[in-house]
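Coordinate-derived values only; no laboratory data. As the structure is a prediction and not an experimental result, all values here were calculated from the model.
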Amino acid sequence: MVDVSQHELVPEHTLIDEEEVESMLNQYDVERADLPKIKRRDPAMPEGAEAGDVVKIVRDSRTTDRAVSYRLVIE
């Protein structure tokens, strides 16, 4: 079986701790529920992701070198 999360085209997905979540929410002046959603069973999800967690996704970008986005894990 292929581990999709290790494929070269899948961006880096990282669970972030509550302190970093609160900092990010304050920085962007958004609520947790306003974040884009990602399903817990998504093949790219890191081990141990639970509903309510926030995942930081880092993609390569042609214009800014790296693009960072955040997603709320849902069931």
| query | What label, among (1) 1.13; (2) 2.51; (3) 1.54, belongs to Cα Rg over 2.2 N^0.38 Å computed from the structure on display? | reply | (1)
| remark: Per-residue ellipticity at 222 nm attributable to helices in the chain (runs of n ≥ 4 DSSP H, -39500 (n - 2.57) apiece, nearest 500 deg cm²/dmol) works out to -4500 deg cm²/dmol
